[in-house]
Amino acid sequence: MSDSVQPNTTTNPLKKLHTLTKELAGYPAVLLLATALVFVATLAGKLTTPTIAVLLALITTTDLTTRRYLPRTRTQFTTYDGRGYLGSGHAQRYLTLATASYLAITNTPTGHSTLTTSIVIGFAVLSLTLEPITLRATRRGTLSHAHLPWAPTPRTNTPPHYPAYLANTLTPIPLALANHTPALLAITAALVTLSLALQLLSNVAALSRNRIKRTVEATLRKELTAYQPKFYLYYDAAPGTAYQIGMWLPHLDAIGERYCVILRNQNTLNEVAALTNAPVIVRNSMTKLDDVTIDSVTTVFYANNAIKNAHFVRFHQYTHIQLNHGDSDKPPSYNPAMRMYDRNFVAGQAAVERYANHGVDTAPGYFDIVGRPQIKDIQPAHKQADPTGHTMLYAPTWAGFMADSQCSSLHIGLNIINAALSAGTRIIFRPHPHARKTPALRAGCDAITARLTEHAATTGIDHVFGETAEREWSIIDCINHSDSLISDVSSVIPDYLYSGKPIILTAIGAPSLEEFLTENPIGAACYILTEDLSNLHEVIAEAVHTDTLREQRQRLRTHYLGDFPHETYDQAFLTTARRYVNGNA
C-alpha cells in the first residue's frame, strides 16, 4: 500500500558517512591520513590560513559524527554513562592541534604576544595529554554500589567527560585563525580552560569516589552479612532496559523483607538506582559474586534470561526463581534455557501448557501460577464501549533480538492508523520502548506521530502519543484510557486481555492463519489482522461495533492470567514469593 513505511536505512547522511569511512580502512585511519595531509600542506605553505581552518573544521565535524558523538550530545552533557570519550583519536587530534599551533606561532602579527600564544598552546597540549589519565582515574573511581545503608553514596554523576573532549577537539579551529584577531585566541584559551577545569573536577571526584569504593569492596561481605537481606534481585542487561526489573521492584518491595539488587553491568547502575531505594551492588566479574553469597539469603529472583544469570544459578544453596518481564506466546516464553532455574513464576495455566506444547519438558513443581501483579490496576470493562468516541490503543512491539521475535507491525502501522482514523476512533499510540532503536521501526513511529499530529490539528481530536503516551502515562494508564487494542504478539496482549476489551492481534510473518493460531492460542480471543491488511477494515469494525468474541475473552482471561479475585489479584504473587523467601516452600 502506498502509505506503508518501508524499511530504509540508507537515507541518513550521517549513517552514509559513517558507513563510507568505515569501508575506507576505518574512519580513524581516514581522519588521521586527512589530518596528516593538511599538516604537510601547512608546513609547505601550500594552503591559506582560512582554507586550513575550514579543513580542520571539516575533520573535526567528521570525527564527531562518525564516532556518533554529536547525536548523543544532549545526553552526554547531562550524564556520564561509562563510555570512554577521553583519550580517543589522539594521533589525529594531536596533528590537528599541531597544524593550528604552527599557524598561530608563525603568523603572530605585531601587537600579539608570541609568549601568550605559546602558553595557550602549551596548556592545550597539556589538556589533551591529560585526557587518558582523567579517563583511567574516573574509571577507577566508578562506584559499584548505590543506597548501601552502611556506606556513603556521592552524586550519581561525575563531571561529564564529553564537554572536556568536545572542548579539546574544537580548540584547533579558533587557534588556527588566532593570528587574525585576539578574540579568537581568547576563545581558544577559554576552551582549554574549560577542558582543564572539567578534567580537574573529574579527577578530584574520582579520588574521593575511589576511596569510598575501596572501603566498600573491602568490607562488603562483612557489612552485607550484618545487613541480613533475605533475597536478591539479580539483573544483567544493556543500559536502557531497566524496565524489565522496574515492573517488579514495587512488588518485591511489598514482600516486606530486606533485599538487594545485584547488577552485572556497571553501566546500568545509575539507571537502576533511580528506580529503587534498595541496596544496589555491581558485581562485574564472576569472582566478585562470591562476596555476596551470604547465609541470610534464601531466594534469588531473575527478570530476564541473560547469559550471565548462569553465573549465579550455580549457587545451589539458594532457590532461583524466574519472574520473566512479560508473558506472551513468543518463543522466549518457552525457551528451554529457562529450566536452569528452580522455579518459574507464570501468570496462568497457558504458560505451563506453552512449554509442554513445544516439547520442553520441565521438572515437577517447576511452575508456580501467580498471575501478573503488574496488571492489578487494570480496570475490567463490564460492557461494550459506545462506538461514538471510541478510543483505540495501538501498541506495536519492537524488532526483538532474535529472528523468532520479529513480530512488529510498525512497517504497516501507518495503514493501520489511517484505517482506525477513518472509522472515527481516537488513537493512543504507545510503541515498545526499544522501537526507535531500529531505523526502520523508528521511521514507522515518526510517520505515525506526524499523521496523528496533522489529524489532531485538523479535527481537534485529542490523540495521545509522544511524551504523554510513552512516558507520562504507564502502559496500564494507556489500557485503562482505551476501549480496544491493536498490537502484535507480545505481553501487551495477555495484559490487555485482563480488561475484557476487544483486541486486534496482528499476524506478522505468519505462513498461514491456522499455523499462527496454533503457535499463538491467545489469538482465539482476538480479531486477527493479516499482514497484507486485506481484512483491516473488517477487524476494526468488529472491535468497535459488533465484538462477537467477548465471551471467548472472558474464558481465556482465566487461562492466561489465573483465576484470582480482582480486589486481591496481586496477593497470589506476594503469598507465593513470601513462602520461598521465608524458606517455607
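A few notes on this one:
- Among the residues of segment 255-283, the ones that are of a type in the set (A, V, I, L, M) and more than 26 Å from the chain's Cα centre (by Cα) come to 1 in all.
- Segment 278-308, residues that are β-branched (Val, Ile, Thr) and more than 17 Å from Phe231 (Cα to Cα): Thr287, Ile307
- Number of residues in segment 322-350 that are within 27 Å of the chain's Cα centre (by Cα), assigned to a helix (DSSP H, G or I) and among the aliphatic types (A, V, I, L, M) equals 3.
- Checking each residue in segment 221-247 for being part of a helix (DSSP H, G or I) and farther than 18 Å from Asn265 by Cα picks out Arg221, Lys222, Glu223, Leu224, Thr225, Ala226, Tyr227.
- Residue in segment 177-196 that is surrounded by the fewest Cβ atoms within 10 Å (Cβ to Cβ), counting only those that are at pLDDT below 90 and among the small types (Gly, Ala, Ser): Ala183
- From the options Leu224, Leu184, Leu252, residue that is without any contact (Cβ under 8 Å) to a residue 40 or more places away in the chain and on the phi < 0 side of the Ramachandran plot: Leu184
- Residue tally, condition surrounded by fewer than 18 Cβ atoms within 10 Å (Cβ to Cβ), assigned to a loop (DSSP other than H, G, I, E, B) and within 27 Å of the chain's Cα centre (by Cα), over segment 284-304: 3
- Candidate set from segment 470-479 (those that are under 20 Å from Pro380 (Cβ atoms) and assigned to a helix (DSSP H, G or I)); member that is nearest to the chain's Cα centre (by Cα): Ile475
- Number of the condition not met by Pro439 [criteria: (1) over 19 Å from Gln244 (Cα atoms); (2) without any contact (Cβ under 8 Å) to a residue 60 or more places away in the chain; (3) surrounded by fewer than 17 Cβ atoms within 10 Å (Cβ to Cβ)]: (2)
- Neighbours by Cβ (under 9 Å, 6+ apart or cross-chain): first from segment 354-383, in the same structural domain as Ile245 (by TED's automatic domain parsing) and at positive phi; second among the hydroxyl-bearing types (Ser, Thr, Tyr) and part of a loop (DSSP other than H, G, I, E, B): Gly371/Tyr569
- Where strands (runs of 3 or more DSSP E) sit wholly within segment 480-583, none has at least 1 residues that are farther than 18 Å from Leu393 by Cβ and not assigned by TED's automatic domain parsing to the domain that holds Ile417.
- Residue check for Asn415: among the polar types (S, T, N, Q), surrounded by fewer than 19 Cβ atoms within 10 Å (Cβ to Cβ) and modelled with pLDDT of 90 or more: yes
The values are calculated or read from the model by the stated rules, or taken from the named source; none is laboratory data. This one's a predicted model, so the numbers in the text were calculated from it and none came from an experiment. Counting neighbours? That spans all protein chains shown, and the Cβs are built from the backbone with ideal geometry, glycine included.
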